[in-house]
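Peer 1: Got a structure here, written out as structure tokens. Questions coming.
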Amino acid sequence: MKRVEEDKMKLELYVADIVDDHKIKMDAMRMKIRKIRKYVVNKEAWYHYAVGAIISFVAILIAFIVAFKCFR
């Protein structure tokens, strides 16, 4: 009876180790996905900042040209 209980405990520990390994791997994959998502969002945000800055610069130039022609 004692031997059966020991074998059962060993099996439970083995299963627990497998579950822990699986959980650790899943956590690592989730972290990688979060990092990738964060990088993609940041990259897309920089793209929007650049386009917005260019559009703002062009709008300011047009405003100066119109003001210069009208008030000269």
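The values are calculated or read from the model by the stated rules, or taken from the named source; none is laboratory data. This structure is a prediction, so every number in the text was calculated from the model and none was measured. Surface accessibility is based on the protein's heavy atoms, side chains included, excluding ligands, DNA and RNA. Shrake-Rupley method; radii C 1.70, N 1.55, O 1.52, S 1.80 Å.
Peer 1: Run down 60, 55, 24 and say which single residue is modelled with pLDDT of 80 or more and open to solvent by 100 Å² or more (accessible area, probe 1.4 Å).
Peer 2: Exactly one of 60, 55, 24 is modelled with pLDDT of 80 or more and open to solvent by 100 Å² or more (accessible area, probe 1.4 Å), namely 55.
Peer 1: Something else: Residue 5: at pLDDT 75 or above and in a helix (DSSP H, G or I), yes or no?
Peer 2: yes
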